[in-house]
Amino acid sequence: MFKGTRYHKSTKVKNERDARTIANVAYTALAMGEVGIVKHKDAPTLREFRADFITAVKAEKSDKPRTVAFYTYSFDALLKFEPLSEARLDQIDERLVQRFTVWARARGCDRDKERKTSIATVNRWRATLRKSLRMALTWKMIPSVPATPALSGERERSFIFTEEMRKKYDELAPEPLNSFIQLSCEIGICEGEAIALLKSDVHMTKKADAWGHFGYLTIRVGKTEYRKRSLPITARAKEILVEWMAKSRCDLVFTREDGETIVSAFTLIQQQERMREQLNLPWDACVHSARHTALTNLGLTGVDAFTLQRAAGHANITTTRK
């Protein structure tokens, strides 16, 4: 009997003393489990855990392929450090995580072997490790998770597009980059939302309302529920949308030259990298900076932080304050 429950099972021995010994061991095991002292099976190595982790992420983020790709890339980056990849999950402690961090900071990044891996990138890898270990903890494969806080010193993007810079993009930037930059500067839509935008999401009017808006866009999906929102269509945004919807021969607003294939986010990144070199722009001048521009301009009008948070679709007000 344990905690009012009767456990009945054969010890498969004939000697009473041996039977009582086995029964006492079973009782001890029940008591240890009651106070959280459980004996775990040998945990797999981090490399062996990869398949289970990726499978779980795919099930959890089935509607977000870019998120799945991010975790896959980050987990594979962890496996490049052999002491970490060959360690059992229950052997991964703060010291081993620190050794990985030093190694990761010293190695060159994939695109430029001469440049050290940025703190932001290492923080993403550490976050992936933290997520995988927490998953193993939930599955009762390990007794605890080591502390892996974010490293300090991560650079924050602060670049915004001025009106003069936007005019230069109108003159020099290739498509679809220019349209994405101009649209995002106007209404604060991010590149992923624009890529997935459907014609049915565009509710456009012929005449402007009292605020100068020609209807609105519906953002149906996003990283969180907060990203589901409506964005106003300005006069400049209307010009861009009308032009691209006229060229599209499918449900998407933005397509490649064939009018049917979805725009690649990688294409936008490559085009922006060339524009950054051509115009000698700082490191943080990226496609996403156009969204920051719209939100910064809206903030300068004097709206409160919570209204700005709703327009941005941020889950956390601290993100909006930045």
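Values in this text are rule-based calculations from the coordinates and carry no lab data. Note that the coordinates shown come from a computational prediction; the quantities given were computed from them, not determined experimentally. Ideal geometry is used to build each Cβ from the backbone, glycine not excepted, and the neighbour counts take in all protein chains shown.
What to note about this one:
- Amide H contacts of F2 (H built 1.01 Å from N, in plane; Pro and chain starts excluded): Y7 sit under 5 Å, all sequence-distant by 5 or more or on other chains.
- Within the same chain, aspartates and glutamates fewer than 8 places from K140 are excluded, and of the rest, those with a Cα less than 13 Å from its Cα are D42, D90.
- Using a cut-off of 23 Å between Cα atoms, the listed pairs K64/K322; K199/K238; K58/K199; K80/K322 include K64/K322; K58/K199; K80/K322 as exceeding that distance.
- Of all stretches in the chain that contain no GluC sites (Glu not before Pro) in a DSSP loop with at most 15 other Cβ atoms within 10 Å, the longest one is 157-256.
- Alpha-carbon Debye profile of the range 163-321, log10 I(q)/I(0) at 0.11 Å⁻¹: -0.43
- Positive-end extreme of charge dipole, the chain - chosen from L295, F75, V145 (charges on Cβ): V145
- From the largest down, the range 46-138 spans 37, 30, 18 angstrom on the principal axes of its Cα atoms.
- The calculated Kirkwood hydrodynamic radius for the chain is 23.9 Å, given to one decimal from all distinct C-alpha pairs.
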